[in-house]
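Peer 1: This is the structure I have questions about; it appears just below.
Nothing in this text is a laboratory measurement; each read-out follows from the coordinates by a stated rule. What you are looking at is a predicted structure, and each value in this text was computed from that prediction instead of being measured. Cβ sites come from the backbone with ideal geometry, for glycine too, and all protein chains shown count toward neighbours.
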Amino acid sequence: MSAVNDTKYNSAVFLLTGIPGREDVHPWISVPFCLMYFISIVGNSVILFIIKTDPSLHEPMYIFLSMLATTDLGISIVTIPTTLGIFWFNSREISLDACLAQLFFIHSLQCIESSMLLLMAFDRFVAIRDPLRYVSILTLPRIAKMGLVFVLRGVAIIIPLPLLLKRFRYCRANVLSHSYCVHQDVMKMACSDISINSIYGLFTTLLTVGLDSLVIVFSYVMILKTVLSVASTAECLRALNTCVSHLCAVLLFYTPMIGLSVIHRFGKGSSPLLQILLGYIYLLVPPLMNPIVYSVKSKHLRARIIRLFVK
């Protein structure tokens with residue numbers, strides 16, 4: 001009996017979902033998806049190239065931006081194969097091991113991106129609160145150490161999720177809700193007791209995204225307190241203007257993530273289409289919009305990009 005169960009476990013296959021009821025127009029739907037992936041990859045790659053090759057951009061703010069761009073690039077690359085495979089070839093099947101690998105990279109990169117947004121909030125706080133010591137506080141070795149710590153945190157917290165899922169038996173109709181694998185979705189397909197996974201999944205969310213978002217909010221409270229103490233209205237607005245890009249990135253990242261997490265855990269009667277659309281927004285929009293927002297708002301970065309393409 002144990003051998004039979006192991007065979008069933010090892011041969012578990014999941015079916016990914018594109019847009020239900022629109023299978024006949026999947027090739028046409030793939031066009032905007034291809035465009036979004038192309039813009040995401042090219043945009044983030046250009047930002048990385050310009051920051052790396054231009055010594056005048058080797059400042060803390062742009063180094064943190066390059067970390068964010070690297071994370072966004074990774075998220076786009078991880079989700080491209082299964083998403084376009086469904087729209088182009090109707091290739092819905094994914095093995096358990098491949099699904100768990102994709103799940104690990106998606107969630108760990110999301111945790112790392114949350115950490116990068118936290119570091120960028122700290123960067124803005126230091127730049128506004130203590131501008132004279134800004135460069136001396138955020139030195140390159142210190143930035144590298146903070147980045148490494150948060151990367152290790154994301155990997156260490158997420159790695160138990162696929163290991164816990166791998167222990168389960170999957171004997172139901174394993175049709176997932178998205179065109180990629182996420183923990184909440186795969187967990188529901190198990191025939192075993194998933195209480196440990198559910199508790200640990202909630203713990204990881206609170207420890208990473210929840211904690212990071214609270215610290216970001218606290219950082220902006222302190223930034224507002226500092227800015228409002230400035231006598232000049234023009235200086236106040238100038239200081240707040242440096243935070244607009246980061247605030248946009250925070251809203252683009254956390255809003256769909258929180259919405260999708262709430263639907264997965266509590267929205268049993270919610271529309272499947274809403275869940276699918278939120279899932280695409282959750283992974284596609286931040287990597288797409290972050291390079292655009294920062295390129296538009298950062299005068300120095302925009303000038304370098306224009307110079308690159310004019311040459």
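Peer 1: Fully extended, how many nm does the chain gain between L206 and V285 (0.36 nm per residue separation, minus their Cα-Cα distance)?
Peer 2: Once the chain is fully extended between L206 and V285, it gains 26.2 nm.
Peer 1: Once the piece of chain linking N90 and V262 is laid out straight, how much longer is it, given 0.36 nm per residue of separation minus the C-alpha distance between them? Could the numbers behind the result be given before it?
Peer 2: Details: separation 172, 0.36 × 172 = 61.92 nm, distance 2.90 nm.
Fully extending the segment from N90 to V262 adds 59.0 nm.
Peer 1: Classify region 154-311 as rounded, prolate or oblate, taking a ≥ b ≥ c as the square roots of the eigenvalues of its Cα gyration tensor: rounded when a/c is under 1.5, otherwise prolate if a/b is larger than b/c and oblate if not.
Peer 2: Working: a/c = 2.72, a/b = 1.91, b/c = 1.43.
Cα axes put region 154-311 in the prolate bin.
Peer 1: Find the relative contact order for the chain and round it to a whole percent, using C-alpha pairs within less than 8 Å whose residues are 6+ positions apart.
Peer 2: Reported relative contact order: 26 percent.
Peer 1: To the nearest 10 degrees, how steeply does helix 96-129 sit against the main Cα axis of the chain, on a 0 to 90 scale?
Peer 2: The angle comes out near 20 degrees.
Peer 1: Report ³J(HN,Hα) in whole Hz for each residue of region 186-201, in order, from the Karplus equation J = 6.51 cos²θ - 1.76 cosθ + 1.60 where θ = phi - 60°; Gly and Pro get x.
Peer 2: 5, 4, 5, 7, 6, 8, 9, 6, 9, 4, 5, 4, 5, 5, 5, x
Peer 1: Working from Cα positions, state the angle (0 to 90°, nearest 10) between the long axis of helix 244-266 and the longest principal axis of the chain.
Peer 2: That works out to roughly 20 degrees.
Peer 1: How large is ³J(HN,Hα), in whole Hz, for each residue of region 218-228 in order, when computed from phi with the Karplus curve 6.51 cos²θ - 1.76 cosθ + 1.60 and θ = phi - 60°, using x for Gly and Pro?
Peer 2: Running phi through 6.51 cos²θ - 1.76 cosθ + 1.60 with θ = phi - 60° gives 4, 4, 6, 5, 5, 5, 4, 4, 5, 5, 5 Hz.
Peer 1: Rounding to the nearest 10 and keeping the result within 0 to 90°, find how far the Cα-based axis of helix 140-158 lies from the longest principal axis of the chain.
Peer 2: Once rounded, the angle reads 20 degrees.
Peer 1: Which of the trypsin sites (Lys or Arg not before Pro) found in region 111-179 are loop residues per DSSP with 12 or fewer other Cβ atoms within 10 Å of their Cβ?
Peer 2: Passing sites in region 111-179 are R167, R172.
Peer 1: Could you work out how much longer the chain between I77 and I39 gets when fully extended? Use 0.36 nm per residue separation minus the Cα distance between them, nm to one decimal.
Peer 2: Difference between extended and current length: 12.5 nm.
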